[in-house]
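Below is one structure, written out as C-alpha cells; comments come after it.
The values are calculated or read from the model by the stated rules, or taken from the named source; none is laboratory data. Fair warning: this is a prediction, and the values are worked out from it, not measured in the lab. Positions of Cβ are generated from backbone atoms using ideal geometry, with glycine treated the same way; all protein chains shown enter the neighbour counts. SASA here: full protein model, heavy atoms, side chains in, ligands and nucleic acids out. Shrake-Rupley method; radii C 1.70, N 1.55, O 1.52, S 1.80 Å.
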Amino acid sequence: MHVPVMLGEALEALRIRVDGSYLDGTAGGGGHAAAIAERLGPAGRLLALDRDEAAVNRVRERLDRWATQVQVEQANYSEMEALALRLGFAQFDGVLLDLGISSFQLEPKRGFSFMSEAPLDMRMDRTQALTAADLVQQLEEAALADLFWRYGEEPASRRIARAIVAERTRAPITTTGQLAATVERAVGGRHGKLHPATRVFMALRLAVNQELEHLQAGLDAALRLLAPAGRLVVISFHSLEDRIVKHTLQAHAGRWENLPAGGRRWVGTQPTVQLVTRRPLTPTAEECERNPRARSAKLRAAEGVHTQTAS
Ligand SMILES: C[S@@+](CC[C@H](N)C(=O)[O-])C[C@H]1O[C@@H](n2cnc3c(N)ncnc32)[C@H](O)[C@@H]1O
C-alpha cells in the first residue's frame, strides 16, 4: 500500500467544489485521487496522470467506480497542457502534484533502492530508454561527480565518481548492490545514520527521470491552466524540489519594487497567483509516527487571481 501523505492538508488546500475540474498529476497509488473523486458530484471532473504504467493501471482499477467523472492517463505531468487541450479541459479548479516515488515503486526489481539487489534501473516510465546503469556506465568522471554534487548534495562526490570509474573499468556496474558497495568503499564505510549510498541513489533517480526539469515545466503549465481562484498544491520531499516550488510560486505572487524616480510598481511573472501558504506546511508528528515516509514532506499552495496586476 502507498499511504497518501498530508491528505487532509492537501484536500483542505485544494478546497474541492463538487462541480469543479481537478488534475492529479502524480496519481501513484490513487490515494489523493480517490479522496478527490469521492468529493465530486456528477458534474465534477478529475484527470489523474502518472508516467508509470503500473501506477496508471492500479489507479484506473481503484477509481473505476467514479468512471463517469474520472479519467486516468499515462502521461508526464510536464505535458499536461497538450493533454488537457486534447481531452477538453480548458482550466482546472485545482492541480495537485505529490512528488517523488510511491511505495509501489520501491519494490526491489525497479532498482530504486540500495536495500535489495536488483538491476540498476530507476525509471518511473519504463518506456524510456535511459536507465541509472547507463548513467553510471557512460558518464565521464567529472560529469558523475557533478551529478552527485548537484542532485544529491553529496560532499564526497569526486571521490565516489573516481571509485566508480575505477570499478567499471574492471567490470560493468549494473546492479544496485554493486553500486552501493562501490560507494561504501569509496567513503570508507558508514558514518552517521544515513547509508553512504543514500545521496548517490537520490541523485541518480532525479537525473534518470529528469525530475527537477519536469517539475519546473509542470509548475509553469499548472499555473497557466489554473482557473481564477483555482488552487495549485504541491507536496515535495526533497530540498531541491521545494526550492523550485517556492521560487516559482513567489515569482508568480509578485512583489512591489521601488522605482528610482519615486513610487513603486508591481513586478511578477504572469499569470499572477497569491500564496495560500507563506511558509510550507509540514506533516503532524502523529502522521510522521504513523507513516515515516511523510517526515520530509513540505506542502505549498497558491491560488490563481482574477485580475492581472503585474507590470
Ligand atoms: C508520491 S507518488 C504519488 C502518490 C499519490 N498521491 C497517492 O496518494 O497514492 C508520486 C507518483 O508520481 C509519479 N510521477 C513522478 N514524476 C512524474 C511526472 N513528471 N509525471 C507524471 N507522474 C510522475 C510517480 O511515478 C509516482 O507514481
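Any chance the stretch 27-34 includes a residue that's modelled with pLDDT of 95 or more, buried (at least 24 other Cβ atoms within 10 Å of the Cβ) and more than 8 Å from the ligand (Cβ to nearest atom)? Within the stretch 27-34, none of the residues are modelled with pLDDT of 95 or more, buried (at least 24 other Cβ atoms within 10 Å of the Cβ) and more than 8 Å from the ligand (Cβ to nearest atom). For the condition closer than 30 Å to residue 282 by Cβ, crowded, with 16+ Cβ neighbours inside 10 Å and either among the small types (Gly, Ala, Ser) or not assigned by TED's automatic domain parsing to the domain that holds residue 225 (or both), what is the one hit in 122, 115? Just one listed residue meets the conditions, 122. Counting just the residues of the stretch 57-80 that are over 22 Å from residue 39 (Cβ atoms) and near the ligand (Cβ under 10 Å from one of its atoms), which one comes out most open to solvent (accessible area, probe 1.4 Å)? Checked the stretch 57-80; the qualifying residue most open to solvent (accessible area, probe 1.4 Å) is 79. I'm trying to understand the selection: among the residues of the stretch 87-126, which are away from the ligand (no atom under 11 Å from the Cβ) and within 14 Å of the chain's Cα centre (by Cα)? Across the stretch 87-126, the qualifying residue is only 95. Screening residue 19 with (1) surrounded by fewer than 19 Cβ atoms within 10 Å (Cβ to Cβ); (2) away from the ligand (no atom under 11 Å from the Cβ); (3) assigned to a helix (DSSP H, G or I); (4) acidic (Asp, Glu) gives one miss only, at (3).
Examine the stretch 278-286 for a residue that is surrounded by 12 or more Cβ atoms within 10 Å (Cβ to Cβ) and over 25 Å from residue 216 (Cβ atoms), and state whether such a residue exists. Yes, the stretch 278-286 contains a residue that is surrounded by 12 or more Cβ atoms within 10 Å (Cβ to Cβ) and over 25 Å from residue 216 (Cβ atoms). For the stretch 206-254, residues that are part of a helix (DSSP H, G or I) and open to solvent by less than 30 Å² (accessible area, probe 1.4 Å) total 20.
Here is a yes/no grid of residues against (1) free of Cβ contacts under 8 Å to residues at least 24 places away in the same chain; (2) more than 16 Å from the ligand (Cβ to nearest atom):
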position	(1), (2)
205	no, no
210	yes, no
229	no, yes
237	no, no
247	yes, yes
251	yes, yes
259	yes, yes
264	yes, yes
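Going residue by residue through the stretch 83-94, is there one that turns out to be part of a helix (DSSP H, G or I), in contact (Cβ under 8 Å) with a residue 60 or more places away in the chain, aromatic (Phe, Trp, Tyr) and surrounded by 23 or more Cβ atoms within 10 Å (Cβ to Cβ)? Looking for residues that are part of a helix (DSSP H, G or I), in contact (Cβ under 8 Å) with a residue 60 or more places away in the chain, aromatic (Phe, Trp, Tyr) and surrounded by 23 or more Cβ atoms within 10 Å (Cβ to Cβ), one finds none in the stretch 83-94, hence no.
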